[in-house]
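Data block below; observations after.
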Amino acid sequence: MKQQKADTMQGNTSTLTGGCWPLPSQELLLKAALLQGQPALDAWEQWVETVDIDQLDGGSYRLLPLLYRSMQKHHVEHPHMKRLKGVYRQVWYKNQMLFHGMTKLLRALHERGIRT
């Protein structure tokens, strides 16, 4: 029971749902984030209607930056867009910090003759 609670808090619902396949809400999110045109917008509308954005699992949360970029390209205006933009910017910042740290690591490896 403790492991299930820890998994849920970390967004790992595989122990709770019993499989690796996306839940229906996750399928909608993937469609909204990856499809183009009306199919993406239809999936977005269904996803927004059926999901509480404050109660997302970790896997869904990790897709929010991709969803934001997709809905931005589709010129979607919705109250969630501000939140999605915030998640997008936070992830962008964290990635920049990781890239910066990797630059130092790669430079150190190169200086020691280790090819990367």
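Listed by first and then second residue, the pairs linking a residue in the range 69-93 that is free of Cβ contacts under 8 Å to residues at least 12 places away in the same chain to a residue that is in a loop (DSSP other than H, G, I, E, B) and loosely packed, with under 14 Cβ neighbours inside 10 Å, with Cβ atoms under 9 Å apart and 6 or more places separating them unless they lie on different chains, are 73/36. Beta carbons closer than 9 Å, at least 6 apart along the sequence or on distinct chains, never pair a first residue in the range 42-60 that is touching a residue at least 60 places away in the same chain (Cβ under 8 Å) with a second that is open to solvent by 90 Å² or more (accessible area, probe 1.4 Å) and not in a helix (DSSP H, G or I). The combined condition, being under 18 Å from the mean Cα position of the chain (by Cα), surrounded by 14 or more Cβ atoms within 10 Å (Cβ to Cβ) and assigned to a helix (DSSP H, G or I), is not fulfilled by residue 93. Checking each residue in the range 67-79 for being among the hydrophobic types (A, V, I, L, M, F, W, C) and open to solvent by 20 Å² or more (accessible area, probe 1.4 Å) picks out only 76.
Among the criteria (1) touching a Ser or Thr at 6+ places or on another chain (Cβ under 9 Å); (2) not acidic (Asp, Glu); (3) not in a helix (DSSP H, G or I), the one residue 40 does not fulfil is (3). Among the residues of the range 50-66, some residue qualifies, meaning at least one is under 18 Å from the mean Cα position of the chain (by Cα), open to solvent by less than 40 Å² (accessible area, probe 1.4 Å) and among the hydroxyl-bearing types (Ser, Thr, Tyr). So is residue 67 under 24 Å from residue 21 (Cβ atoms) and either in contact with a strand residue (DSSP E or B) (Cβ under 6 Å, 6 or more places away or on another chain) or in a helix (DSSP H, G or I) (or both) or not? Considered against the rule, which asks whether it is under 24 Å from residue 21 (Cβ atoms) and either in contact with a strand residue (DSSP E or B) (Cβ under 6 Å, 6 or more places away or on another chain) or in a helix (DSSP H, G or I) (or both), residue 67 comes out as yes.
For every residue, the table says whether it meets (1) among the hydrophobic types (A, V, I, L, M, F, W, C); (2) farther than 17 Å from residue 79 by Cβ; (3) in contact with a strand residue (DSSP E or B) (Cβ under 7 Å, 6 or more places away or on another chain); (4) at pLDDT 95 or above.
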| residue | (1), (2), (3), (4) |
| --- | --- |
| 9 | yes, yes, no, no |
| 16 | yes, yes, no, no |
| 19 | no, yes, no, no |
| 23 | yes, yes, no, no |
| 27 | no, yes, no, yes |
| 30 | yes, yes, no, yes |
| 57 | no, yes, no, no |
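The values are calculated or read from the model by the stated rules, or taken from the named source; none is laboratory data. Because the structure is predicted, anything quoted here is derived from the model rather than measured. No Cβ is skipped: glycine too gets one built from the backbone with ideal geometry, and neighbour counts run over all protein chains shown. The protein model used for the area step is the full one, side chains on, heavy atoms only, and it has no ligands, DNA or RNA in it. Shrake-Rupley method; radii C 1.70, N 1.55, O 1.52, S 1.80 Å.
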